[in-house]
Amino acid sequence: MYSNNILVTGIGGPAGRSAAAYLQKNGLSVIGTDIRDVDAPVRRFYKIPAADDLSFSSVLLGIILKDNISLLIPTVSEELPVIAKLKRFIEECGCLVAISPVHAVDIANDKLKTALFMAEHEVPVPKTFAAKTPKEQILDELGLPLLAKPIIGRGGRGVALHKTKEELYKEARENIIYQEFIPGEEFDLNLFLDRKNTIASGVVLKKTILKEGVVGNAVEVERTNREDIISLGIKAALLLEMEGPLDMDIRLREDGTPVLLEINARIGGNVLSATEILDSLIKSWRTMVCV
């Protein structure tokens with residue numbers, strides 16, 4: 001008999017907080033974790049080490065066993081590669097994990113790998129260059145304005161829009177990419193794929209207000225019907241053989257062509273505006289544990 005206990009990591013962040021609230025609203029027992037103390041309205045909370053701490057895996061597994069967790073929903077980008085590698089072991093302990101395979105998480109978690117992989121497979125992405133690329137070449141290829149962003153990062157953290165040559169030449173960070181700035185409207189695509197790569201649900205959210213004006217996290221979103229955006233996201237997800245909840249950022253070129261900016265192999269921070277994703281996750285989990 002499976003338990004009703006679900007573990008949500010990153011309970012202090014937008015995605016974790018939103019997922020926990022919705023799951024509890026639907027009568028499920030939620031245990032939450034975070035790397036800092038969080039006053040979260042969950043049944044039980046644990047402060048845990050960061051994903052790069054050597055004790056992270058053992059602490060997480062200890063919680064899963066102690067609380068008889070039946071479903072693990074990771075929502076922290078830095079934790080995804082570690083949890084993906086642990087997935088088989090965790091599931092042998094009787095706990096399903098809502099995450100894509102290791103190779104898919106590895107590519108999705110790295111913005112440079114994502115851009116190169118998708119371009120190779122003819123998925124529209126911004127022109128992208130590694131940090132070691134000569135600045136002269138970056139200017140010639142991308143023009144201005146252009147973006148500098150962390151290779152691995154969440155939301156708009158560390159994203160800089162360089163509008164002048166002087167700003168570009170002052171950029172000294174190493175673990176970044178340089179990317180073409182796509183000027184059109186931005187959308188948040190929420191998807192859920194089951195383990196047979198069947199698309200269970202897809203919701204497009206238009207980002208009506210961004211935190212930094214033209215870049216950054218969405219402050220406000222509204223649902224919209226865009227089959228072209230859903231089709232682009234599905235193509236990218238299937239190429240990577242992804243599964244579970246996914247969150248993708250997509251922008252439009254001036255001619256209206258949708259361009260994939262990044263993939264988050266997890267639930268997105270705007271999921272309460274796309275609750276079909278969580279409904280599909282709950283349904284998939286219940287189906288699998290009852291088989």
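For the chain, averaging the sequence separation of C-alpha pairs within contact (under 8 Å, six or more residues apart) and dividing by the residue count gives a relative contact order of 18 percent. Over all alpha-carbon pairs in region 5-98, figure out the percentage whose distance exceeds 15 Å. Tail of P(r) above 15 Å: 53 percent of Cα pairs.
If the only charges are +1 at each Lys and Arg Cβ and -1 at each Asp and Glu Cβ, what is the size of the charge dipole of region 136-291 around the Cα centre, to the nearest 20 debye?
Dipole size: approximately 600 debye.
From the P(r) of region 144-291, could you give the percentage of C-alpha pairs in the tail past 24 Å? Pairs farther apart than 24 Å: 36 percent. Loop-resident trypsin sites (Lys or Arg not before Pro) (DSSP state other than H, G, I, E or B) in region 176-225 with no more than 16 further Cβ atoms inside 10 Å of their Cβ: R195, K196, K211. Computed about the Cα centre, the dipole magnitude for the chain is approximately 740 debye when only Lys and Arg (+1) and Asp and Glu (-1) carry charge, each at its Cβ.
When GluC sites (Glu not before Pro) are flagged only if DSSP places them in a loop and at most 16 other Cβ atoms lie within 10 Å, the longest unflagged stretch of the chain comes out as 1-121. Counting every alpha-carbon pair across region 91-198, the share separated by more than 20 Å comes to 48%. Taking only the C-alpha atoms of region 206-291, Rg followed by Dmax gives 14.5, 49 Å. Per residue, the convex hull around the alpha carbon atoms of the chain comes to 130 Å³. Each listed q (0.12, 0.14, 0.17 Å⁻¹) maps to a log10 I(q)/I(0) for region 1-160 from the Debye sum over equal C-alpha point scatterers, namely -0.62, -0.78, -1.00. Considering only D188, D249, D140, the Gaussian network model of the chain with Cα springs below 10 Å gives its largest mean-square fluctuation to D140.
Projecting the Cα atoms of T128, L61, S100 onto the charge dipole of the chain, computed from C-beta unit charges around the Cα centre, puts L61 farthest toward the positive end.
Every number in this text was worked out from the coordinates using simple rules, so none of it is lab data. Values in this document were obtained by computation on a predicted structure and should not be read as measured data. Because the Cβ atoms are built from the backbone with ideal geometry, glycine has one as well, and the counts that use them run over all protein chains shown.
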